[in-house]
Each structure stands twice: as C-alpha cells, then as structure tokens.
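Structure first, commentary second.
The values are calculated or read from the model by the stated rules, or taken from the named source; none is laboratory data. Note that the structure is a prediction, hence the values are computed from the model and not measured. Note that each Cβ is placed from the backbone with ideal geometry, even for glycine, and that neighbours are counted across all protein chains shown. Only protein heavy atoms, including side chains, enter the accessible area calculation; ligands, DNA and RNA are left aside. Shrake-Rupley method; radii C 1.70, N 1.55, O 1.52, S 1.80 Å.
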Amino acid sequence: QVQLVESGGGSVQAGGSLRLSCAASGRSFKNFAMGWFRQPPGKEREFVAARGWNSDTIYSDSVKGRFTISRDIAKNTVYLQMNSLKPEDTAVYYCAADRTYNYKYDASYYHWGQGTQVTVSS
C-alpha cells in the first residue's frame, strides 16, 4: 500500500523556520515528481514547490527565496525547509507524488499525504 506521511508542522512566530518531511512507503518514488501544496484557511489548495525525478525544482512566487525543497532518494523522503515564515504561510501542507511534469497542478498527482498544519503567528 502506497503511503505518504507528512510531519514537522507546528506553530511558529513570524520570521521563524520549520522543516516539513514527507516519507513515502509502499514503493520507490525515485522516478516520481514530489510536490508540496498547501491549503490556507477558507481558501483553495495551492502549489508551493516541486522537485522532479530529474532534480528539476520549481517554486511558487510567494515562497521563492524562502522555501527549499529537497529529497533523499535512499530514504524515499522529500523535505520542505521553510524560512522567514509569514502569517500568510499558515495552512495545511500536503505532499504529493506522481509521474508528471505538470508540477504545479494538483490534478497531476495521484498519491497524497494526509497533511500537516503550519501556523505562523505575527
């Protein structure tokens, strides 16, 4: 059974940092793109960052320069290092995986984690 499990969420003050992890199990995801999405309160889910199987990386404009996506193929894990957090980064963060080049579109991903809450206070 394929599973993606996020961890590392929590509450932090503005300007702080958090590192999210997404551990994949059930199969190797080395040939899959791994993405991070988030859903702010009362809003639709939005793209945050993605890393392709070929190490391509892409970020939303809102997080570029503050967030870094990385992956450890051997551990089947993808990370999202979040620095200089802002209150508008408050959301449930989800990781996703699939064989896709359409990194920004949530419909391109079949496998999803359950989400982890990130709350940034001012």
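Starting from the Cα-Cα distance between residue 30 and residue 1, subtract it from 0.36 nm times their residue separation and give me the gain in nm to one decimal. Walk me through the numbers before you get to the answer.
On the way: separation 29, 0.36 × 29 = 10.44 nm, distance 1.66 nm.
Fully extending the segment from residue 30 to residue 1 adds 8.8 nm.
Which whole number in µm²/s is D for the chain by Stokes-Einstein, with the Kirkwood Rh taken over Cα pairs at 4 °C and 1.567 mPa s?
Numbers: Rh = 14.1 Å.
Rounded, D is 92 µm²/s.
Only Lys, Arg, Asp and Glu count, each charged at its Cβ (+1, +1, -1, -1), so figure out the dipole size of the chain about its Cα centre, rounded to 20 debye. Intermediate results must be reported in sequence, preceding the final value.
Details: 14 positive and 10 negative charges, 53 e Å.
Using only the charged Cβ atoms, the result is roughly 260 debye.
Considering amide H positions built from the backbone, and no H for Pro or chain starts, which residues 5 or more places from residue 100, or on another chain, come under 5 Å of its amide H?
33
With every protein chain kept in place and ligands, DNA and RNA left out, what is the accessible area per residue of the chain? Probe 1.4 Å, answer in Å².
On the way: 6280 Å² over 122 residues.
Each residue of the chain exposes 51 Å² on average to a 1.4 Å probe.
Answer with one residue from 113, 77, 62: the one whose Cα lies farthest towards the positive end of the charge dipole of the stretch 54-122, charges on Cβ with Lys, Arg +1 and Asp, Glu -1.
About the Cα centre, the residue reaching furthest to the positive side is 77.
Please turn the phi angles of the stretch 100-114 into ³J(HN,Hα) values with the Karplus equation 6.51 cos²θ - 1.76 cosθ + 1.60 (θ = phi - 60°), one per residue in order, whole Hz, x for glycine and proline.
After applying 6.51 cos²θ - 1.76 cosθ + 1.60, I find 8, 10, 8, 4, 7, 9, 5, 5, 7, 10, 9, 8, 9, x, 8 Hz.
For the stretch 13-72, what are the per-bin percents of Cα-Cα distances with bins 5 Å wide, up to the bin holding the maximum?
4, 15, 24, 25, 19, 9, 4, 1
Apply 1/(1 + (r/R0)^6) to the Cβ-Cβ distance of residue 114 and residue 66, taking R0 = 22 Å, and write down the FRET efficiency to the nearest 0.05. Kindly include the intermediate steps, with their values, before the conclusion.
Numbers: r = 24 Å, r/R0 = 1.11.
E(calc), rounded to 0.05, equals 0.35.
Below 8 Å between Cα atoms, with a sequence gap of 6+, how large is the relative contact order for the chain in percent?
Values: 311 pairs, mean separation 43.4, N = 122.
So the answer I get is 36 percent.
Hey, got a sec? Which GluC sites (Glu not before Pro) in the stretch 25-99 land in a DSSP loop and have at most 10 other Cβ atoms within 10 Å? Present the calculation step by step, with values, prior to reporting the outcome.
Working: sites: 44, 46, 88; in loops: 44.
In loop regions of the stretch 25-99 (DSSP not H, G, I, E or B), the sparsely surrounded GluC sites (Glu not before Pro) are 44.
Around residue 10, which amide H atoms from residues at least 5 apart in sequence, or from another chain, sit under 5 Å from its own amide H, with H modelled in the peptide plane?
HN-HN under 5 Å from residue 10: 118, 119.
Share of the stretch 1-116's accessible area from carbon and sulfur, percent, 1.4 Å? Before the final figure, lay out the partial values.
On the way: 2650 of 5950 Å².
Carbon and sulfur together cover 45 percent of it.
Using only the Cα atoms of the stretch 47-96, what semi-axes does the equivalent ellipsoid have when each is the square root of 5 times a gyration tensor eigenvalue? Give whole Å, largest first.
Numbers: eigenvalues 80, 28, 18 Å².
So the equivalent ellipsoid measures 20, 12, 10 Å along its semi-axes.
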